[in-house]
C-alpha cells in the first residue's frame, strides 16, 4: 500500500505505523467531560466496512501524523492530510 | 585520572572505510549536529534566523542546504537538523540555543547519529536495495528521512548516482554499516 504524503509524495506504508481511528483527535474537554464521555473516547470505535478515517504515524520518515481516509474493504485511499494542520485549527474533522 | 580516548560510531580509533569495486563507504566522525524545532507561533522568526545562519532560505520539505559552514536538512514541519564541522563547532547546540532563545527548541544531536558517505559510480544501484525512495527524482539538494534496514535514516543527495551522505542512529551504527556493505556487495 502506498500513502501519498502531503509533503513528501508517495511513500511505502511500511514506513508508517497505524494509530487507529482519527476519532482519537476528538478528546473530550477535561473541564466538562463525564466518565461516560471518557469511556466512549477511550474504548468505543466504529468498525466500518468502507471509508474509514484513521491516523498513520510516519515513524520511518518525517515523524508527522497523517489523517488517511482508507476504504477498509479495498485499501483504496481517497484523502490524506496532516493531522497537525487540523490540530492547530482545533478542528479534528469528521 | 581516567585515560579516555575517542572512538568512532563503529568503535574504531580511526574512521572505517570499506570499498567494493570503485565504490566507497566511509565513516564520517567529524560532524556536529543539533536539531532546531520552531516554537508554535514563532515559525517565521525561526525561519528568519536560520536564513541568516545558513545564508539561504531554510530548506523546504525533502530538501537540504549544504555549505562548508552551517548546513541544514529538513526533518519535519518547522524542524531542521543543523550540522557543522565538529572541530570548530563542537558547541553547536549551545550556540544555536543562545541565538534562538524563545523562538525554537534546540537539542544536541551530535552523539545520536552515525554518518556515512557513500561515493563512487553507481551509488544508486546500492540505494535501490536499501530503501523505497524514487531515485530517478533524487537530485543534488534533496534529502529525505526514510527507513533503511528498519532504521530511521536521513539520506542526503550530494551528487546523483555518485555521492550520498547517510545519517543513521548511532546506537545501531553496526547494523546500518552491515546493511549498506551487504547491499554494496550485492549490487556492485
Could you pull out which residues in the range B:70-89 have an amide N less than 18 Å from a spot 7 Å beyond the Cα of residue B:40, following the Cα-Cβ vector? B:77-79
At a Förster radius of 45 Å, what calculated FRET efficiency corresponds to the Cβ-Cβ distance of residue A:18 and residue B:99, to the nearest 0.05? 0.70
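Using a Förster radius of 30 Å, what is the FRET efficiency between residue B:86 and residue B:140 based on their Cβ-Cβ separation? Nearest 0.05, please.
0.80
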Centre separation in Å (Cα based) which lies between the range A:64-86 and the range B:149-169: 28 Å
How many angstrom lie between the Cα centre of the range B:72-139 and the Cα centre of the range A:1-36? 27 Å
Rg(Cα) / (2.2 N^0.38 Å) computed for chain A, rounded to two decimals: 1.14
Report the extension gain between residue B:5 and residue B:163 in nm, rounded to one decimal, defined as 0.36 nm multiplied by the number of residues separating them, less their alpha carbon distance. 53.8 nm
How far is helix B:173-187 tilted, in degrees, relative to the longest principal axis of the Cα atoms in chain B, given as a value from 0 to 90 rounded to the nearest 10? 50 degrees
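Under the definition of partner shielding as Cβ atoms of other protein chains within 10 Å of a residue Cβ, what is the mean value for peptide B:146-159?
2
In which sequence would A:25, A:1 go, from the one with the fewest C-beta neighbours within 10 Å to the one with the most?
A:1, A:25
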Can you give the calculated 222 nm mean residue ellipticity of chain B, where each DSSP H run of n ≥ 4 adds -39,500 (n - 2.57) and the sum is split over every residue, rounded to the nearest 500 deg cm²/dmol? -7000 deg cm²/dmol
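Give me the Kirkwood hydrodynamic radius of the range B:31-109, using the inverse of the mean 1/r over all pairs of distinct Cα atoms, in Å to one decimal.
About 12.1 Å, per the Kirkwood formula over Cα pairs.
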To the nearest whole number, what is the average tally of beta carbon atoms from other chains within 10 Å of the beta carbons of peptide A:51-61? 2
Between residue A:77 and residue B:132, the two model label points (7 Å from Cα along the beta-carbon direction) sit apart by a distance in nm of 0.9 nm
Take residue A:36 and residue B:125, extend 7 Å from each Cα along the Cα→Cβ direction, and tell me the distance between the two endpoints in nm. 6.8 nm
Here P(r) for chain B, Cα-Cα distances in 10 Å bins, as whole percents, is 10, 36, 34, 17, 4, 0
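So how much slack lies between residue B:18 and residue B:171, counting 0.36 nm per residue of separation and subtracting their Cα-Cα distance, in nm?
Between residue B:18 and residue B:171, full extension yields 53.1 nm more.
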Which of A:65, B:166 has the fewest other C-beta atoms within 10 Å, and how do the rest follow up to the most? A:65, B:166
Let me test this: with uniform point scatterers at the alpha carbons of the protein assembly as shown, what is the Debye-based log₁₀ I(q)/I(0) at q = 0.11 1/Å? -0.74
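The numbers here are math on the coordinates, done by the rules we state, and not lab data. The structure displayed is predicted, hence computed values, not measured ones. Glycine gets a Cβ as well: all are built from the backbone with ideal geometry, and neighbour counts include every protein chain shown.
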